[in-house]
Amino acid sequence: MKLRIAIDGPAGAGKSTAARAVAKRLGLAYLDTGAMYRAVTLFALRRKVNLHDDKELERLAASLDLAVKSGKDGENIIYVDGEDVTEAIRTPEVNRHVSIVAKCPEVRVLMVEKQKAIGRAGNVVMDGRDIGTNVMPDAEVKIFLTASLEERARRRLAELTAKGEKLDLEQMIAEIAARDKIDSERECSPLRPAEDAVHLDTTNMTVEEVVDAIVNIAAGP
């Protein structure tokens with residue numbers, strides 16, 4: 001049997017961390033779909049593409065040779081035109097603009113086509129905003145991770161501080177709230193839980209507790 005686990009949720013809910021750990025625990029492949037949109041965003045910023053021009057974004061996304069490979073611990077290594085951009089796509093500048101790029105319908109069509117092909121192969125844990133509703137609507141397990149806005153901001157701030165970035169909590173709260181608004185209100189595949197998704201509020205949960213919960217859900221009754 002092919003096991004597909006779809007994990008959706010807003011920014012900072014812990015999707016990627018949990019999904020990667022669940023994949024490792026269960027011996028499944030892992031795909032962080034958000035990294036694909038981040039890669040397009042990075043190159044849009046580098047090449048000074050108008051982020052509000054869908055046709056320009058579509059041309060850029062179609063021109064990029066984007067590849068996702070697995071690292072030694074199952075983490076995703078992102079290559080664009082042969083360049084390893086795994087770290088470059090995690091900067092505050094990319095954080096601030098990725099939701100604008102990700103709401104472009106033409107970009108989503110291109111990325112989702114790649115994601116669905118991976119999903120069809122099965123035995124994968126995939127996280128994003130529209131996995132259970134659009135990319136893998138027939139996944140055997142669907143999870144919707146949430147956490148309070150302040151907790152999500154604290155988590156993201158800790159990640160960036162560890163990388164030497166200097167941001168304050170209020171700024172991070174404002175940025176994540178703005179991303180939530182764009183992600184949930186976009187016309188194309190908005191952020192929302194699948195009807196049959198299991199909701200997990202991770203505000204007061206450790207990563208280990210979240211992973212245990214998802215693994216138990218996957219195991220079934």
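None of the figures in this text is laboratory data; all of them are computed from the coordinates on show. Please read all numbers here as calculations on a predicted model, not as lab measurements. Quick reminder, even Gly has a Cβ in these numbers, built from the backbone with ideal geometry, and neighbours come from all protein chains shown.
Report the relative contact order of the range 65-221, percent, no decimals, based on alpha-carbon pairs under 8 angstrom and at least 6 residues apart. Write out the running numbers ahead of the final one.
Working: 139 pairs, mean separation 36.7, N = 157.
Relative CO of the range 65-221 lands at 23 percent.
Neighbouring Cβ atoms within 10 Å as the yardstick, rank Leu66, Leu167, Leu57 fewest first. Numbers along the way, then the final one.
On the way: Leu66 18, Leu167 15, Leu57 24.
With the fewest neighbours first, Leu66, Leu167, Leu57 line up as Leu167, Leu66, Leu57.
Which trypsin sites (Lys or Arg not before Pro) in the range 138-221 sit in a loop by DSSP (not H, G, I, E or B) and have at most 12 other Cβ atoms within 10 Å of their own Cβ?
On the way: sites: Lys142, Arg152, Arg154, Arg155, Arg156, Lys163, Lys166, Arg179, Lys181, Arg186; in loops: Lys163, Lys166, Arg186.
Qualifying residues, ordered by number: Lys163, Lys166.
Regarding the range 76-168, what whole-number volume in Å³ per residue does the convex hull of its Cα atoms give? Please report the intermediate quantities before stating the final value.
Working: hull volume 12.8 nm³, N = 93.
Taking only Cα atoms, the range 76-168 has a hull volume of 137 Å³ per residue.
Using the 10 angstrom Cβ neighbour count as an exposure proxy, how do Leu157, Leu145 rank, fewest first?
By the 10 Å Cβ count, ascending, the order reads Leu157, Leu145.
For Lys142, the lysines whose Cα falls under 29 Å of its own Cα, not counting residues fewer than eight places away in the same chain, are Lys2, Lys15, Lys24, Lys69, Lys72, Lys103, Lys114, Lys116, Lys181. Here's how it looks for Val198: its modeled amide H is under 5 Å from those of Lys142, Ile143, Phe144, which are all 5 or more places away or on a different chain.
Scanning residues 5 or more positions from Gly74 or on other chains, none has an amide H under 5 Å from its amide H, with H placed 1.01 Å from N in the peptide plane.
Name the shape class, rounded, prolate or oblate, that the alpha-carbon gyration tensor gives for the range 106-146, where a ≥ b ≥ c are the square roots of its eigenvalues, rounded holds for a/c under 1.5, and otherwise prolate holds if a/b is larger than b/c and oblate otherwise. Note, shape of the range 106-146 comes out oblate. The fewest-to-most ranking of Thr146, Thr133 by surrounding Cβ atoms within 10 Å reads Thr146, Thr133. One chain, two ends: Arg192 and Ala174. Fully extended at 0.36 nm per residue, the span grows by 4.4 nm beyond their Cα-Cα distance. Taking every DSSP beta bridge that has both ends in the range 4-215, the antiparallel portion is near 30%. For the chain, the equivalent ellipsoid built from the Cα gyration tensor has semi-axes of 25, 21, 17 Å, listed from largest to smallest.
Shown here: the range 1-95, whose C-alpha atoms stretch 42, 28, 26 Å along the first, second and third principal axes, sorted largest to smallest. Computed from backbone phi, the HN-Hα couplings of the range 183-189 come to 5, 7, 9, 5, 6, 8, 6 Hz, rounded to whole numbers (Karplus: 6.51 cos²θ - 1.76 cosθ + 1.60, θ = phi - 60°; Gly and Pro given as x).
Counting helices only, and only those DSSP H runs with n ≥ 4, report the 222 nm mean residue ellipticity of the chain as the sum of -39,500 (n - 2.57) divided by its residues, in deg cm²/dmol to the nearest 500. Can you show the working numbers first?
Values: 8 runs with 108 residues, N = 221.
Dividing the helical sum by the residues of the chain leaves -15500 deg cm²/dmol.
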